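Colleague: My questions all concern the structure below.
The values are calculated or read from the model by the stated rules, or taken from the named source; none is laboratory data. The model shown is predicted, which means the values in this text are computed figures rather than measured ones. Positions of Cβ are backbone-derived with ideal geometry, glycine not excepted, and every protein chain shown enters the neighbour counts. Note: accessible area is taken over every heavy atom of the protein model, side chains too, but ligands, DNA and RNA are not part of it. Shrake-Rupley method; radii C 1.70, N 1.55, O 1.52, S 1.80 Å.
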Amino acid sequence: MADPSTYRPAPGAIPTSPGVYRFRDAHGRVIYVGKAKSLRPRLSSYFQDLAGLHPRTATMVTTAAAVEWTVVSTEVEALQLEYSWIKEFDPRFNVKYRDDKSYPELAVTLDEEYPRVQVMRGAHKKGVRYFGPYGHAWAIRETVDLLLRVFPVRTCSNGVFKRARQVGRPCLLGYIGKCAAPCVGKVSADEHRALAEDFCDFMAGRTGNYLRRLEEQMQEAAAEMEYEKAARLRDDIGALKRAMEKNAIVLADATDADLLALAEDELEAAVQIFHVRGGRVRGQRGWVTDKVEDVDTAGLVEHALQQLYGGAGPDERSEAVPREVLVPALPEPAGPVREWLSGLRGAQVDLRVPQRGDKKDLMATVQRNAQQALALHKTKRASDLTTRSRALQEIADALELDSVPLRIECFDISHLQGEDVVASMVVFEDGLARKSEYRRFQIKGFEGQDDVRSMHEVISRRFRRYLQEREQTGEWAVPEEGADDEPGTPSGPVDPGTARDDGGRPRRFAYPPQLLVVDGGQPQVAAARRALDELGIDDVALCGLAKRLEEVWLPGEDDPVVLPRSSEGLYLLQRVRDEAHRFAITYQRSKRSKRLTAGELDSVPGLGETRRQALLKHFGSLKRLRAATVDELCAVPGIGRRTAETVAAVLSSRTPAALAVNTATGEIIDDSAETAGTAAGAAPQTAPSQETP
């Protein structure tokens, strides 16, 4: 690990001009490329106290052994040079978007004497016109099949084309009218090129004029009683419209725009781009990247724009960059990026964040696609056996465990301003979630908000149950009076066959984890350690994962364990923590919703939903139910005398609610007309100032 002070430039040696800088490691490899409006303050920020740097930035400057810079004239030049160097050197600490697959595109080879329409993947070639990219190759072929009726451009390979010219006979498409058959001279090279250019114009979105021209020709043919020609033109128009319907109109003003959205967490980010031409979505693509540098959403957007448009060739830049580029956040500063895009297009480019209307709604759709892409990426990554094994081994090495933690339990606390405080326990076995082992807890020991105290209570309850169930199976020795052993001393290894109760059902807390993870930092870890010590459990490893910087805290340690950003072990711990948080907040929301919609009968002990509905159905309203005697309550099927007495006591102790008011009409609703749904669920709107008669 290098000391940044050993290669820090001398004071005043760094210019204040715009420029691009490179950090190199001890072997001379470029590990990071950045740009700055003023090089001096930007580079000086890297050489401050390491404790004040972001962990990823600190790792970069301690890995580097030298820094160098290049001065440029403008920020636009700095942007262009930064992208060129990132592409050339592939620095390990720069954000780089990588395609999760090779997207197919519709290509027209205008550089050939007889242009060909085909599906292409990979890098763009000079002289080829591209449309897309598309999500699937079959979508391109379906579109081409419809358009060949109107634009019979050749689609055959060069070998098939040469063979047809030799034998003087076209292929099947030439016979059925889906190829103009230039191979046998049915059309000249110029006529065939004109067909290819019309095809390109239609795919580029210039459809209105062409359809109107075909409709005029159809009307003229019909007027001249050339009905076969008119019918053929009618079918051509229908084929074009069907091809257009495959891309529904999303922007009514025939806008040309690219919409870019991001979904990100602490370690990874996914970007999705929708290419809209003529108001229709013409293509879609996306990438997933590791966040190897300290970068916010605006920085990710800037990197994505460089990746998206920087690789376009000189002949296709004007078409690659649309008039509008819509993003979730503007790069800082946005002026150089906007100027760079305008230079690529050769005309003004509007780079902005959509605020309202159809464009904002479409941006929300792109955002959902980005979130789904990130979730799918995480699912694929988690399902790989080799990756899971490496993640577990990395956790064992980082925490200095004797063996890999095959069973991991994670706990999280959730509440809303101190109300409905709950906790969750999620279980991962062999790196995969085992949802049948998930458990939920209500905090019962105290009222109010105290995450540390809540964590202590939940850990104590979970492992107290574990000790009780192990003792019942005889796997834990119960000490005799006066013995030195404390309760909780293990007598042997876990036997899965004994982890069931007398009815054959699995015991809920029979298995201990090899690793216990709590959501939080030092305070939560200390509370969990105290709970385990009080129960005499010392064979369960413990750590906490703090969300702010993804630091792993161990009990009794003043400094956290910082796993490498690219560590599969950190990724697994993060996924376990996020799942615990999801499970806890889902339970907390359900409790809050139930509390807000609870009726008077919900608080009757032992009275479930079925019998509540039976009572309300029998008496017809809550008012009649309050007036009923115990004997009348016992007449309801399923209601015994003890339950009837409990219901009567609870209802008699409650003050009747104020008069219900229909907020739509202002009418007072008689309590006798209350429905079962109102009594059992959410109460109607009431007038608090009115007294109950």
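Colleague: Write out, first by first residue and then by second, each pair whose Cβ atoms fall under 9 Å of each other, whose residues are 6+ apart or on separate chains, and whose first residue, in the range 51-79, is closer than 30 Å to Lys547 by Cα while the second is part of a strand (DSSP E or B) and of a type outside the set (Phe, Trp, Tyr).
Modeller: Listed pairs, sorted by first residue: Pro55/Glu551; Met60/Ile31; Val61/Val67; Thr63/Asp25; Thr63/Ile31; Ala64/Arg24; Ala64/Asp25; Ala64/Ile31.
To keep it simple, each residue is scored yes or no on (1) open to solvent by less than 10 Å² (accessible area, probe 1.4 Å); (2) of a type in the set (S, T, N, Q); (3) modelled with pLDDT under 75; (4) closer than 20 Å to Pro331 by Cα.
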{"site": "Ala269", "(1), (2), (3), (4)": "yes, no, no, yes"}
{"site": "Val292", "(1), (2), (3), (4)": "no, no, yes, yes"}
{"site": "Thr297", "(1), (2), (3), (4)": "no, yes, no, yes"}
{"site": "Leu300", "(1), (2), (3), (4)": "yes, no, no, yes"}
{"site": "Ala304", "(1), (2), (3), (4)": "yes, no, no, yes"}
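Colleague: If you don't mind, another one. Please verify whether the range 34-47 includes one or more residues that are of a type in the set (D, E, K, R), closer than 21 Å to His303 by Cα and outside any helix (DSSP H, G or I).
Modeller: yes
Colleague: How many residues are farther than 23 Å from Lys241 by Cα and open to solvent by 70 Å² or more (accessible area, probe 1.4 Å) if we restrict to the range 180-222?
Modeller: 3
Colleague: Tell me, which residue of the range 48-64 that is outside any helix (DSSP H, G or I) and open to solvent by 40 Å² or more (accessible area, probe 1.4 Å) is farthest from Val561 (Cα to Cα)?
Modeller: Applying the filter and picking the extreme gives Gln48.
Colleague: Still on this model: Given (1) part of a helix (DSSP H, G or I); (2) in contact (Cβ under 8 Å) with a residue 12 or more places away in the chain; (3) farther than 29 Å from Val561 by Cβ, identify the lone condition not met by Thr16.
Modeller: (1)
Colleague: Continuing with this model, one more query. If you scan the range 345-364, which residues turn out to be surrounded by 12 or more Cβ atoms within 10 Å (Cβ to Cβ) and either touching a helix residue (DSSP H, G or I) at 6+ places or on another chain (Cβ under 9 Å) or in contact (Cβ under 8 Å) with a residue 12 or more places away in the chain (or both)?
Modeller: Within the range 345-364, Arg345, Val349, Asp350, Leu351, Arg352, Val353, Pro354, Asp358, Lys359, Leu362, Met363 qualify.
Rundown of residues vs (1) under 24 Å from the mean Cα position of the chain (by Cα); (2) among the hydroxyl-bearing types (Ser, Thr, Tyr); (3) over 30 Å from Val276 (Cα atoms), yes/no style:
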residue: Ala364; (1), (2), (3): yes, no, no
residue: Glu400; (1), (2), (3): no, no, yes
residue: Phe411; (1), (2), (3): yes, no, yes
residue: Ala433; (1), (2), (3): yes, no, yes
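Colleague: Would you please name the residue that is least open to solvent (accessible area, probe 1.4 Å), looking only at residues in the range 95-152 that are assigned to a helix (DSSP H, G or I) and either touching a helix residue (DSSP H, G or I) at 6+ places or on another chain (Cβ under 8 Å) or at pLDDT 85 or above (or both)?
Modeller: This residue is Leu147.
Colleague: For the range 182-199, give me each residue that is aliphatic (A, V, I, L, M), out of contact with any strand residue (DSSP E or B) (no Cβ under 8 Å at 6 or more places or on another chain) and in contact (Cβ under 8 Å) with a residue 24 or more places away in the chain. Let's see the steps before the verdict.
Modeller: As a first pass, look at the range 182-199 and keep what is aliphatic (A, V, I, L, M): 184, 187, 189, 194-196.
Pick out the ones that are also out of contact with any strand residue (DSSP E or B) (no Cβ under 8 Å at 6 or more places or on another chain) and you get 184, 187, 189, 194-195.
Within the range 182-199, Ala189, Leu195 qualify.
Colleague: Counting just the residues of the range 49-64 that are among the aliphatic types (A, V, I, L, M) and under 14 Å from Pro91 (Cβ atoms), which one comes out nearest to the chain's Cα centre (by Cα)?
Modeller: Per the criteria, the residue is Met60.
Colleague: Being surrounded by fewer than 21 Cβ atoms within 10 Å (Cβ to Cβ), more than 34 Å from the chain's Cα centre (by Cα) and at pLDDT 85 or above is the filter here, so list the residues in the range 26-47 that pass it.
Modeller: Answer for the range 26-47, where residues must be surrounded by fewer than 21 Cβ atoms within 10 Å (Cβ to Cβ), more than 34 Å from the chain's Cα centre (by Cα) and at pLDDT 85 or above: Ser38, Arg40, Pro41, Ser44, Phe47.
Colleague: For Arg352, state whether it is among the charged types (D, E, K, R) and under 30 Å from Leu554 (Cβ atoms).
Modeller: In short, no.
Colleague: Report those strands (runs of 3 or more DSSP E) wholly inside the range 495-612 carrying at least 3 residues which are modelled with pLDDT of 85 or more and open to solvent by 70 Å² or more (accessible area, probe 1.4 Å).
Modeller: Correct list: empty, since no element meets the threshold.
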